[in-house]
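Some notes on the structure that comes next.
The values are calculated or read from the model by the stated rules, or taken from the named source; none is laboratory data. Treat the numbers as computed from the prediction; the structure is a model and nothing was measured. Note that each Cβ is placed from the backbone with ideal geometry, even for glycine, and that neighbours are counted across all protein chains shown. In case anyone asks, the SASA skips ligands and DNA or RNA and just uses the protein heavy atoms, side chains included. Shrake-Rupley method; radii C 1.70, N 1.55, O 1.52, S 1.80 Å.
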Amino acid sequence: MDSEIKDNLAWSAAQLSTDPAWVHTLTAGELAELNNALVRAMASGRPLEQLRTRDFPLHELAITLQGLAAELEEGRGVVRIDGLPVERYRESELRCLFWGLGQYLGSCVSQSDAGELIMNIKDAGGDPDDLEVRGVHSRGALQYHTDLCDVVGMLSVHAAAEGGESLLLNSLAVHDEIRRTRPDLLEVLYRPFCYAKPKWDAPGERLLEMRPIFAVHEGRFVSTYLRDFIDWAQEDERVPRLQPIQTEALDYLDTLCNDARFSYSFMLEPGQILFFNSFVTYHSRRAFRNHADPERHRNLLRLWLSMTNSRALPESYRSSYGEVAAGALRGGIHPGTGSGQRVTLPWMQEAPV
């Protein structure tokens with residue numbers, strides 16, 4: 001089941017909090033490169049989504065980013081870049097800078113049915129408890145989850161007046177704790193669970209798909225998790241009911257995700273950029289209160305990246321990611337169709353019993 005795992009470092013919250021090796025602080029030379037690349041990209045007049053590395057030339061920083069890409073796939077699965085003076089730039093310039101950096105790591109994929117390739121993560125005034133409201137557009141706390149891409153990137157522009165801490169954990173470390181303490185539940189989490197895609201992913205149609213929480217493919221660990229989507233699937237009469245052992249396994253996973261041994265809490269400060277691998281980390285956020293001034297509302301820019309150095313995925317992930325080969329262009333939410341590809345009813349009947 002999991003005996004062949006031979007990759008990423010498993011880390012605890014305490015280990016990450018005291019390890020400076022996952023953080024890179026921009027040098028004066030790298031900042032100068034970024035400024036020069038920004039000037040060239042903005043002067044080109046090309047739409048942001050058409051800019052590529054040739055339009056955003058980096059040299060010293062390009063080498064640094066190559067090393068960070070390797071760390072994301074082969075190492076801890078998380079890196080942070082510090083030292084970007086966001087107060088010097090307009091938001092349009094920050095979007096261009098962040099987009100340009102992303103091009104050196106991978107290809108940006110859509111994050112919404114509207115085809116957004118770079119998204120503002122900020123409160124849009126929605127009710128955090130309303131299932132029609134996407135959590136990232138509210139001020140409420142989020143459950144630990146994974147996003148539909150190889151790597152997530154977040155650039156902090158403004159922090160909240162209060163709260164809004166980011167939460168991150170290593171899913172391999174949680175996996176290993178379940179193996180140590182409840183191996184019977186670990187076996188359950190390696191079996192497929194039925195997920196319902198949310199309404200903001202595929203408007204007008206509730207799509208269903210199946211995949212396990214944990215998997216090992218070609219020796220590489222893979223984990224994705226969205227508890228809400230599993231619970232939503234139970235509202236569909238076509239879906240087999242979760243068995244008590246499955247609910248117990250999910251509840252235990254949630255308990256460990258919120259255990260201080262694994263859950264690393266930190267404030268992503270303005271000017272810090274976080275990248276993390278969705279197959280070896282889960283992420284979350286605490287609730288927050290905004291400043292009275294709308295211009296100072298908590299605001300992060302987000303990229304979903306498909307990486308050229310990504311691991312191969314099990315075939316069961318094809319419905320969500322579209323492609324499963326190592327290094328393939330995959331993931332994201334396809335405008336008008338939802339994520340991945342549509343799933344037919346016969347395939348749904350493989351749901352766990």
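Could you go through segment 93-101 and let me know if any residue there is modelled with pLDDT under 95 and either surrounded by fewer than 21 Cβ atoms within 10 Å (Cβ to Cβ) or not in a helix (DSSP H, G or I) (or both). Show your work before the answer.
We begin by selecting, within segment 93-101, every residue modelled with pLDDT under 95; these are none.
Checked against the condition, which is being modelled with pLDDT under 95 and either surrounded by fewer than 21 Cβ atoms within 10 Å (Cβ to Cβ) or not in a helix (DSSP H, G or I) (or both), segment 93-101 yields no hits at all.
Kindly check whether there is at least one residue in segment 244-265 that is open to solvent by 50 Å² or more (accessible area, probe 1.4 Å), farther than 21 Å from Thr281 by Cβ and part of a loop (DSSP other than H, G, I, E, B).
Within segment 244-265 (the criterion being open to solvent by 50 Å² or more (accessible area, probe 1.4 Å), farther than 21 Å from Thr281 by Cβ and part of a loop (DSSP other than H, G, I, E, B)), the answer is no, since none of the residues qualifies.
Just need a number here: residues in segment 241-281 that are over 30 Å from Gly219 (Cβ atoms) and without any contact (Cβ under 8 Å) to a residue 12 or more places away in the chain.
3
Take Leu185 and tell me if it is closer than 19 Å to Ser278 by Cα and at pLDDT 95 or above.
Values: closer than 19 Å to Ser278 by Cα: no; at pLDDT 95 or above: yes.
No.
Collect the residues in segment 71-92 that are open to solvent by 20 Å² or more (accessible area, probe 1.4 Å) and touching a strand residue (DSSP E or B) at 6+ places or on another chain (Cβ under 6 Å), keeping them in residue-number order.
First pass over segment 71-92, keeping only residues open to solvent by 20 Å² or more (accessible area, probe 1.4 Å): 71, 74, 76, 80, 82-83, 87-92.
Within segment 71-92, Glu71, Arg80, Asp82, Gly83 meet the criteria.
So if I check each of Thr64, Thr53, Thr25, which one is out of contact with any Ser or Thr (no Cβ under 7 Å at 6 or more places or on another chain), surrounded by 15 or more Cβ atoms within 10 Å (Cβ to Cβ) and closer than 15 Å to Leu101 by Cα?
Numbers: Thr53 fails: surrounded by 15 or more Cβ atoms within 10 Å (Cβ to Cβ); Thr25 fails: surrounded by 15 or more Cβ atoms within 10 Å (Cβ to Cβ).
Only one candidate qualifies: Thr64.
Any idea how many residues of segment 154-196 are surrounded by fewer than 21 Cβ atoms within 10 Å (Cβ to Cβ) and among the aromatic types (Phe, Trp, Tyr)?
Of the residues in that region, 1 qualify.
Does Phe275 meet the test of being at negative phi and either part of a loop (DSSP other than H, G, I, E, B) or open to solvent by 10 Å² or more (accessible area, probe 1.4 Å) (or both)?
On the way: at negative phi: yes; either part of a loop (DSSP other than H, G, I, E, B) or open to solvent by 10 Å² or more (accessible area, probe 1.4 Å) (or both): no.
No: the conditions fail for Phe275.
If a residue must be in a strand (DSSP E or B) and either within 20 Å of Ala325 (Cβ to Cβ) or of a type in the set (Asp, Glu) (or both), how many such residues does segment 211-228 contain?
Applying the first criterion (in a strand (DSSP E or B)) to segment 211-228 yields 211-212, 214-217, 220-223.
So of that shortlist, the ones also either within 20 Å of Ala325 (Cβ to Cβ) or of a type in the set (Asp, Glu) (or both) come out as 211-212, 215-217, 220-223.
Number of matching residues: 9.
Output the qualifying pairs, or none if there are none: Cβ atoms under 8 angstrom, residues six or more apart or on different chains, first residue in segment 31-47 and over 14 Å from Trp99 (Cα atoms), second residue among the β-branched types (Val, Ile, Thr).
Listed by first residue and then by second, the contacts come to nothing, as the list is empty.
Among the residues of segment 232-252, are any under 25 Å from Ser310 (Cβ atoms) and out of contact with any Asp or Glu (no Cβ under 7 Å at 6 or more places or on another chain)?
Checked against the condition, which is being under 25 Å from Ser310 (Cβ atoms) and out of contact with any Asp or Glu (no Cβ under 7 Å at 6 or more places or on another chain), segment 232-252 yields no hits at all.
So which of Asp231, Asp236 ends up being farther than 30 Å from Leu16 by Cα, free of Cβ contacts under 8 Å to residues at least 60 places away in the same chain, part of a helix (DSSP H, G or I) and open to solvent by 10 Å² or more (accessible area, probe 1.4 Å)?
Working: Asp236 fails: part of a helix (DSSP H, G or I).
One residue alone meets the criteria, Asp231.
Could you look through segment 197-228, keep only residues that are touching a Lys or Arg at 6+ places or on another chain (Cβ under 8 Å), open to solvent by less than 30 Å² (accessible area, probe 1.4 Å) and not charged (D, E, K, R), and pick out the one that is modelled with the lowest pLDDT?
Looking at residues that are touching a Lys or Arg at 6+ places or on another chain (Cβ under 8 Å), open to solvent by less than 30 Å² (accessible area, probe 1.4 Å) and not charged (D, E, K, R), I get Pro198.
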